Amino acid sequence: MFEWLGIGHLVELSGTEAVWGYLTPLAAFIGFFVLQLVVPGRRVPGYVIDPETGEPRNYRLNGLLVFIVVVILWYFELTGMPQDWFYRSTLYAVAGGTVVTLILSIIAVYSQPPGEVKNPLLALWIGRAQELSFFNQRIDIKMYFYVVGGAMLVLNGWSAVAYHYDRFGEDANPGVVLYTAFFTWYIVDYFIFERVQLYTYDLIHERMGFKMFWGGLLIYGWMFTIPLWGMAVHPDPGFSGPGRYVWLIGASVSFLFGWGMSRGAAMQKYTFKRWPDRKFLGLIEPEYIEAGDRKLLVSGFWGLSRHMNYGGEGFISLGMALAFGHFTNLWAWTYFIFVVIMFTTRERYDNKFCEEKYGPEKWAEYKARVKYRIYPWIY
């Protein structure tokens, strides 16, 4: 089956290597936990209100420093793992990591008192606790997820690049590097603006269940690079002359355009939540609809569509699919397909959630003001 799928090269580990592959995520999770404890960080207030104090919840952020440390450890092989290990052990790691995250989820969910969700299996998926932190809030688990997931996403990508270049040498596909460079840009940008994450949906609303554990650690860290599972074994597509420039530059333009949409929308909302009266970039006046003590932003990016950030993710993933240059290979499009399905589904859920949050009348007023769901004048 693996050969038919085009990923037979990912099940070639020896018995001993397979065991280490299964254990790799556990070792990574422990390593990141220790690093986040010992690496210096800065404490900042977030958007979520701590019910015990009535004040904004306090977070200790050190994602960029932790990321730099693990990249150095990987690049110089200081842990004893070769640079291509994460890629070669991917399938084993996903299997072993799924078991580990399931165990952690069971502990996190069933150690908490029953909440609104009475079905124990549904509670395991959704979670019960809104927040989990350790050592006097020195580590917040949601932010830990993003540090582990983001850093491992980059390491898995460059591990695939190492494997690809070792296999093909001069016939290597520059699109494999470009794809990984896109994700590296995306993650480094995230770590630079790590505080913005404190104002996003996951940090504010998600609960600590298997969906959060598995999604934040395994899907984000290992499975977002799924196109590389099949594409790292394909050489340069062979474009020459102008066609080569159209291919590589076109993919880059799509990615950067989407990144600008996504980052711009996120930064505008972050600015509005922290400083409601401040002009975004000194230019865009904050306009909003009041719904009780809440405000719905309707200017700038958020006046063009209700989820311009989701639209940006679509262009980002399109650029990533095009980067490989093998336009008819389904593996190249797997991340794009995932993103389209995920954010289209999430937008529908958000619509229902926001109608309950802001009230039917105010939400109807908002939809009349901002007509498009994701893409202005299209959808």
Options TYR190, TYR179, TYR199; residue that is at pLDDT 95 or above and of a type in the set (Phe, Trp, Tyr): TYR179
Selection within the stretch 329-379 - among the small types (Gly, Ala, Ser) and touching a residue at least 40 places away in the same chain (Cβ under 8 Å): ALA332, GLY359
Unmet requirement for THR271, which otherwise passes all of (1) in a helix (DSSP H, G or I); (2) closer than 21 Å to TYR335 by Cα: (2)
Of all residues making up the stretch 272-306, the number that are free of Cβ contacts under 8 Å to residues at least 12 places away in the same chain and crowded, with 17+ Cβ neighbours inside 10 Å: 0
Helices (runs of 4 or more DSSP H) lying entirely in the stretch 134-238 (those with 1 or more residues that are open to solvent by less than 10 Å² (accessible area, probe 1.4 Å) and among the aliphatic types (A, V, I, L, M)): 141-168, 174-192, 201-205, 226-231
Elements of type helices (runs of 4 or more DSSP H) in the stretch 1-96, at least 3 residues being over 21 Å from the mean Cα position of the chain (by Cα): 2-5, 15-38, 63-75
GLY312 vs. criteria crowded, with 21+ Cβ neighbours inside 10 Å and either in a helix (DSSP H, G or I) or of a type outside the set (Val, Ile, Thr) (or both): yes
Residue match in the stretch 109-124 (condition: surrounded by fewer than 19 Cβ atoms within 10 Å (Cβ to Cβ), within 30 Å of LEU13 (Cβ to Cβ) and not charged (D, E, K, R)): no
Any pair with Cβ under 8 angstrom, 6 or more apart, that starts in the stretch 229-256 at a residue that is within 30 Å of GLU3 (Cα to Cα) and in contact (Cβ under 8 Å) with a residue 40 or more places away in the chain and ends at one that is part of a loop (DSSP other than H, G, I, E, B) and charged (D, E, K, R): none
Looking only at the stretch 348-376, and only at residues there that are over 27 Å from the mean Cα position of the chain (by Cα) and part of a loop (DSSP other than H, G, I, E, B), the one that is nearest to PHE315 (Cα to Cα): LYS371
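The values are calculated or read from the model by the stated rules, or taken from the named source; none is laboratory data. Treat the numbers as computed from the prediction; the structure is a model and nothing was measured. Backbone-built Cβ (ideal geometry, glycine too); neighbour counts: all protein chains shown. Areas reflect the complete protein model, heavy atoms only, side chains present, ligands, DNA and RNA absent. Shrake-Rupley method; radii C 1.70, N 1.55, O 1.52, S 1.80 Å.
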